[in-house]
Amino acid sequence: MTQKSTSGQTDIEILELISLDGLRRLLAKPSTSVQLGILGVIAGISSALVIILFRVTIEKTQGLFLPHFDNFTELDLVFRFLLPFIAVVILILIGFRGTKRDFRMGIPFAIHWLKVKKGAMPLRNAFYQFFGGAVALISGFSVGREGPAVHLGATFASYFGNLLRLPYNSIRTLTGCGISAAIAASFNTPLAAVVFVMEVVFREYKIHIFIPIMLSAVAGTLLTRMVFGDQHELSIFSQAKFDTINYAYLIICSAGISAVAYAFNTSLMKITAHFKPVKIYYRLALAALITAFIGILVPQALGSGMGAIQFATIDLQNYEALSFFGLIVAILVAKFVATIFALGLSVPGGVIGPVMGIGVLLGAIFGLISQYLGFEGNQVALYAVLAMAGMMAATLHSPLAALVALLELTANPEIIAPAMLVIAVSYTVSVQVFGNRSIFIQQLDHQQLPYRQSAAVQTLQKIGVLLSLNRHYKITEDSSEESLRQMLVNTPMGHSLILADLDMFGSDYKLVQFEDKPTRSNSSMLIENSKIRYIPIQSISAQSTMAEAFELLQHQRAGAVLIHNRSDDDIIGIIHWDQLRQLLVERNSLT
């Protein structure tokens with residue numbers, strides 16, 4: 001049976017607007033479209049709704065025993081000590097049936113699935129991430145809410161795309177949309193969310209990806225503001241200015257920030273590696289014990305980091321700052337230890353919130369020292385927020401996202417220049433002097449989750465097979481060599497002959513070719529003398545990208561793959577190696 005396209009251009013355009021099959025074919029092309037933008041908004045809404053539910057769960061539950069959100073200093077001493085152990089019991093009950101793979105969560109896991117997998121993340125991990133992350137945050141573990149938020153946003157956005165059986169190249173874009181909306185919904189920072197996705201997750205800038213991700217961030221922000229309002233944690237500094245005379249001192253502070261960032265990343269990964277052989281139950285119990293003792297001694301260090309930020313940037317202003325130098329140092333050390341042990345011992349949660357808290361505390365210390373050195377004005381809080389940006393840049397390797405987040409959180413353009421200086425120096429010294437790497441990349445390496453792809457695969461991941469589908473082929477079950485010779489001679493140029501071996505166990509396909517290329521002058525000779533070549537041919541889903549076809553054919557650099565419809569397993573087209581090679585040549589990825 002010969003498969004061929006009979007629709008005209010006008011019919012295709014109409015089909016793309018009104019049919020799901022047409023939409024899939026349209027999205028197989030890596031280009032900006034209204035349809036992809038609309039899907040990005042839908043993905044952003046679905047992601048934001050899950051994150052809102054996640055945040056409400058945490059805040060309402062904490063409201064049952066805390067007068068103020070994430071402020072564990074107001075909690076009874078005994079209950080403060082017991083709370084982490086109660087949380088561990090709940091975590092074990094939630095995840096005790098799971099495998100090790102179920103504990104792979106957060107931003108690194110999302111990056112792995114987006115870069116290497118097909119984008120549609122597993123729902124089982126999301127279940128543990130939602131409830132596990134909520135329990136950890138409610139009980140005061142020093143982890144961030146953005147890790148679970150990114151995981152959940154990516155999962156539900158990609159699930160939506162997979163439900164419609166969209167091409168995997170567009171599902172990857174929708175996964176990015178879910179991450180963008182999740183970060184926007186977590187911190188009320190839409191622009192920083194977009195920059196983070198492009199800078200840290202995709203690690204490239206493509207306009208057809210940027211537009212839907214931007215729209216999803218808008219959707220996530222609007223929904224979040226409807227529920228939680230539009231206030232930022234650091235908006236108190238909207239009118240503050242930084243003294244130019246302090247810039248030289250700021251460079252010294254930035255070098256210190258880079259050293260702390262390196263110590264944080266290194267310590268976290270050493271703890272993670274050291275306790276990897278230990279069973280998850282014992283790891284969680286040890287994390288609870290450490291958190292409980294820190295909660296008794298320094299309760300300001302508990303929680304996602306918002307409590308530490310509140311103390312260092314607002315509460316500290318109500319006291320004689322220098323008299324609280326020892327306390328702020330103690331909180332910093334406790335926050336550092338609580339975070340590296342919580343995350344290193346597999347407590348579900350993110351790293352960004354605690355890193356922000358550590359940065360703010362470190363900056364407050366620099367600000368207090370500046371007062372001791374005799375600098376004019378009380379700028380402790382400004383040093384705090386600047387150090388927060390520097391710590392984010394050096395730890396996460398996201399300098400632009402850190403700058404944009406600072407600008408959105410403070411709504412103060414006056415601190416852009418000093419922030420740029422702190423971020424640039426902190427990041428550069430961290431990389432060049434200390435050899436520090438992104439904490440996400442280190443976590444991916446530790447979990448043996450690949451995230452790198454060749455230039456060819458990266459290019460082809462953006463193109464769905466439906467865009468280049470070749471429908472000129474004939475499938476036959478007649479394996480007679482004489483019949484195959486005759487069919488090959490009669491097969492037009494550019495068409496393919498496929499031999500199907502159908503049995504009760506499935507289908508086996510082979511691409512049938514002459515070893516010598518036929519021409520009009522030698523066709524009769526080929527019928528008698530030329531050998532027939534049988535090339536085994538595999539099939540992939542119509543959702544696949546050209547990258548999946550490339551990975552099947554790259555070693556032999558010949559042949560083809562069949563494309564089947566996942567719903568009924570019917571063959572709908574074929575992709576040849578020559579098509580892949582031509583695509584790569586056109587895009588200057590491979591010559």
Residues with amide H under 5 Å from that of residue 514, placed H, sequence gap 5 or more: 533
Highest average packing first - 154-160, 64-70, Cβ atoms within 10 Å: 154-160, 64-70
Nearest-ten-degree value, helix 123-138 long axis tilted from longest Cα axis of the chain: 0
Theoretical ellipticity at 222 nm over the chain - DSSP helices of four or more residues, -39500 (n - 2.57) apiece, nearest 500: -19000 deg cm²/dmol
Charge tally in the Cβ shell below 15 Å around residue 423, where Lys, Arg are +1 and Asp, Glu are -1, residue 423 excluded: -2
Simple Cβ-charge dipole of the chain, Lys/Arg +1 and Asp/Glu -1, about Cα centre, in debye nearest 20: 840
Mean Cβ count within 10 Å, highest first, over the residues of peptides 32-44, 269-281: 32-44, 269-281
Binned Cα-Cα distance frequencies in the chain - 20 Å width, integer %: 20, 45, 24, 10, 2
Order by protection proxy (mean Cβ within 10 Å, highest first), peptides 79-92, 249-262: 249-262, 79-92
Order of 333, 298 - criterion: other Cβ atoms within 10 Å of each residue's Cβ, fewest first: 333, 298
Exposure proxy order (Cβ contacts within 10 Å, fewest to most) of 337, 347, 50: 337, 50, 347
Cα-Cα pairs of region 372-438 separated by more than 17 Å (percent): 40
Chain lengthening between residue 486 and residue 282 when straightened (0.36 nm per residue, less Cα-Cα): 66.4 nm
Sequence of 509, 451, 247 once ranked by neighbouring C-beta atoms within 10 Å, starting from the fewest: 247, 451, 509
Restricting region 319-414 to GluC sites (Glu not before Pro) in coil, as DSSP defines it, with at most 11 other Cβ within 10 Å: 320, 376
Dipole of region 26-231 [Lys/Arg +1, Asp/Glu -1 at C-beta], most positive-end residue of 67, 215, 173: 173
Rounded FRET efficiency, nearest 0.05, which uses the C-beta distance separating residue 225 from residue 479 and R0 of 45 Å: 0.10
Residues with amide H under 5 Å from that of residue 572, placed H, sequence gap 5 or more: 563, 564, 565
Per residue convex hull volume, Cα atoms of region 235-446, in Å³: 107
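Each reported figure results from applying straightforward, stated rules to the coordinates on display, with no laboratory input. Just so we're clear, the structure is a prediction, and the values are computed from it rather than from any experiment. FYI the Cβ positions are ideal-geometry reconstructions off the backbone, even for glycines, and counts take in every protein chain you see.
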